[in-house]
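Participant: Can you read through this structure? Questions will come right after.
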Amino acid sequence: MTDNHVNTEPESMTIIAFSGDLDKLWPTMILSSTAAANGMDVTVFYTFWGLFPLVKDDVRITGYDAMTKMLAGMNAPGMKKAKLSKMEMGGMGHWMMRKVAKKNNLMPPEDLFEMAKDMGVHMWPCQMTMDLLGIEPDQMVDGLGDPVGAATALKKMANSNISLFI
Amino acid sequence: MSDPKTTVDAKGQSCPMPVLMTAKAAKELAPGETMLIEATDNGARSDIPAWVEQTGNELIESSEDAGVMRFLVRKK
């Protein structure tokens, strides 16, 4: 992909995926996959609520005690279960949004996520959030990079042409 | 003009699929070979030329007929 650039480092983009909401996951997946298609070196750092979408869809609950389990319950781990940030209306919102997207041939975020991974986008889970929320490595989807911390994410951002917080 | 080596049928696909399909097809091309991209997504009108420029490839020609955009691209 990068062999089109002569004598230059590939451009780089880093996204901090902070939100686990469906309507935020979509732009994250669209921009990261497209940037990779453009030949860019792309990294997505998943932190706080952004980590829940990386949990496998068949893992119903994560956490190590009542409170972290409750947090997981409220945030519905798994990308297919992601809700809208507003007008969710008790589950109607994300269902309607997915319906509309399908009608307009917009790929669901979980499919774009798989494509982004195939195209070499680095997916970094936040180690601190994993510890905080009690999300185990084996509860998360395959193909992720090693968990890293804020300093590693910042180092990547400092060397990126584009950095986004979504 | 020689026939394109491959055709990317992105008709009916929405953003960002035409670009992702184009990038995937470009990987299979040798430098100098061409591909034809067909799309109906209105975003593709600017997105395909933007991708071509960003990746340093060459847009040989583009046309539009009955809602179908066609881009002939040469891999550099």
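Participant: Hey, among A:55, A:44, A:59, which residue is surrounded by 15 or more Cβ atoms within 10 Å (Cβ to Cβ), at pLDDT below 95 and more than 14 Å from chain B (Cβ to nearest Cβ)?
Facilitator: The unique qualifying residue is A:59.
Participant: Name the residue that is nearest to residue B:74 (Cα to Cα), counting only residues in the range B:10-54 that are acidic (Asp, Glu) and surrounded by 14 or more Cβ atoms within 10 Å (Cβ to Cβ).
Facilitator: The extreme case among them is B:33.
Participant: Against the definition (in contact with a Leu (Cβ under 9 Å, 6 or more places away or on another chain), free of Cβ contacts under 8 Å to residues at least 40 places away in the same chain and either farther than 22 Å from residue A:28 by Cα or within 12 Å of chain A (Cβ to nearest Cβ) (or both)), how does residue B:7 come out, yes or no?
Facilitator: Against the criterion (in contact with a Leu (Cβ under 9 Å, 6 or more places away or on another chain), free of Cβ contacts under 8 Å to residues at least 40 places away in the same chain and either farther than 22 Å from residue A:28 by Cα or within 12 Å of chain A (Cβ to nearest Cβ) (or both)), residue B:7 qualifies.
Participant: So, in the range A:100-111, of the ones that are within 14 Å of chain B (Cβ to nearest Cβ) and in a helix (DSSP H, G or I), which residue ends up farthest from the chain's Cα centre (by Cα)?
Facilitator: A:103
Participant: Then there's this: Being over 19 Å from residue A:137 (Cα atoms), under 20 Å from the mean Cα position of the chain (by Cα) and not in a helix (DSSP H, G or I) is the filter here, so list the residues in the range A:60-95 that pass it.
Facilitator: Within the range A:60-95, A:82, A:83, A:84, A:85, A:86, A:88 meet the criteria.
Participant: Quickly run through the range A:89-136 and pick out the residues that are under 21 Å from residue A:56 (Cα atoms) and small (Gly, Ala, Ser).
Facilitator: If the condition is that a residue be under 21 Å from residue A:56 (Cα atoms) and small (Gly, Ala, Ser), then A:91, A:116, A:120, A:134 are the ones that fit.
Participant: A further question follows. Six or more apart or on different chains, Cβ under 8 Å: which pairs go from a residue in the range A:113-128 that's at pLDDT 95 or above to one that's part of a strand (DSSP E or B) and surrounded by fewer than 20 Cβ atoms within 10 Å (Cβ to Cβ)? Could you list them?
Facilitator: Listed pairs, sorted by first residue: A:124/A:148; A:125/A:148; A:126/A:148; A:127/A:148.
The values are calculated or read from the model by the stated rules, or taken from the named source; none is laboratory data. In this text the structure is predicted, and so the values were computed from the model without any measurement. With ideal geometry, Cβ positions are generated from the backbone for all residues, glycine too; neighbour counts draw on all protein chains shown.
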